Each structure stands twice: as C-alpha cells, then as structure tokens.
Amino acid sequence: MELAERINKRMEEKGLSLADLARETKVAKGYLWEILNGQAKKPSANTLYEIAKALGTSVADLLGREPSEQSLVKIPTLLQKFADDEKLPQEDILMLASINFRGTQPKTRDDWKYLYESIKRSMRG
C-alpha cells in the first residue's frame, strides 16, 4: 500500500474530507490533493507529521513502517502543549509521558511544568 492509499484510508476511518485535513494540518488543500494523487514529490517530514497527527496515527504508519518504541508512547495533550511552549527535547517529553504516580499523571499544564522543574532541580550536579 502506498502513502496516498494509507492517508486516504485513515481519512475515511476518521470521516475527514480533504478540506477538513487541510484545515487541521494547515497544509494547502491543493498540495494535499497532489499528495493523495501521487503527483507531489516527497512530502517533508513536517508535512507528514502534521498529516499523521491530524489522522491520529504515526508517520511510521503512513509510510508503512514498523513504529519505533518511542512512537508508541502516548503523549498527553496538556504535556504536549507544555512541551511545545517550553521547547522541550523529545527525550524529556518521552520521560515525562512515562511517569505515573499511583496510576495517574498530572492533570494540568502547570502540574507538568512543576514536575519537570522538580526533576530538573533534583538532577543538578
């Protein structure tokens, strides 16, 4: 199965139109059409990431590859927002996403920030 077929399949599963996907990814509708019809050369990693995110899947899935262990970690939305705002490295995001205390994770952006800052302080040498 090719990239275009995988994207189309995911769009059908999510009930998204081309216009919906363009709106969610902020990728031009015309360029998405070219991708879906095999007329675009190679979409950038960023474009593939935005498409995968909008479709609730991974870039590895869209490319028909086995996902890496890191891509299997579920990043909570508020953690991702905090990470984006603070420009955290992927390694730190994955570490935070793996933390559970008595089966729960922080519930607010501020709680994620507090946890991150506490870990950083505890690791000073």
Report the number of Lys pairs in the chain whose alpha-carbons are under 13 Å apart, with separation of 8 or more residues or on distinct chains.
6
Computed Rg/Rh of the stretch 3-66, alpha carbon atoms with Kirkwood Rh:
0.90
In nm, to one decimal, how far is the modelled label at ASN46 from the one at ARG23, with both set 7 Å along Cα→Cβ?
2.3 nm
3J(HN,Hα) from dihedral phi, the stretch 12-24, Karplus parametrisation 6.51/-1.76/1.60, rounded to Hz, x for glycine, proline
4, 4, 8, x, 9, 8, 4, 5, 4, 5, 4, 5, 6
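Would you mind classifying the chain by shape? Square roots of the alpha carbon gyration tensor eigenvalues, ordered a ≥ b ≥ c; an a/c under 1.5 is rounded, otherwise it is prolate if a/b is larger than b/c and oblate if not.
The shape class here is prolate.
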Which value, in debye to the nearest 20, describes the size of the charge dipole of the stretch 3-66 about its Cα centre when Lys and Arg Cβ atoms bear +1, Asp and Glu Cβ atoms bear -1, and nothing else is charged?
160 debye
Mean separation of Cα contacts under 8 Å, 6 or more apart, over the residue count of the chain: relative contact order %:
19 percent
Taking H placed 1.01 Å from N in the peptide plane, check which residues at least 5 places from ALA40 or on another chain put their amide H under 5 Å from its amide H.
ILE35
Using unit Cβ charges (K, R positive; D, E negative) and no other charged atoms, how large, in debye to the nearest 20, is the dipole of the chain about its Cα centre?
280 debye
Looking at GLN90, ALA52, ILE7, which one has the Cα that reaches farthest to the positive end of the dipole of the chain (charges on Cβ: Lys, Arg +1; Asp, Glu -1)?
GLN90
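Tell me, what is the percent relative contact order of the stretch 3-66, built from C-alpha pairs under 8 Å that lie six or more residues apart?
The normalised contact order for the stretch 3-66 reaches 38 percent.
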With a Förster distance of 25 angstrom and the Cβ-Cβ distance between ASP61 and ASP92, calculated FRET efficiency to the nearest 0.05 equals 0.55
Derived scalar couplings ³J(HN,Hα) [the stretch 81-97; Karplus, 6.51 cos²θ - 1.76 cosθ + 1.60; whole Hz; x for Gly, Pro]
4, 4, 4, 5, 4, 8, 6, 6, x, 4, 4, 5, 4, 5, 4, 5, 5
Computed helical MRE - 222 nm, the chain, DSSP H runs ≥ 4 contributing -39500 (n - 2.57), nearest 500:
-17500 deg cm²/dmol
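Bear in mind that the values in this text are calculations on the coordinates, not laboratory data. Being a predicted model, the structure only gives us computed values, none of them experimental. Reconstructed Cβ throughout: ideal geometry from the backbone, glycine too, with neighbour counts over all protein chains shown.
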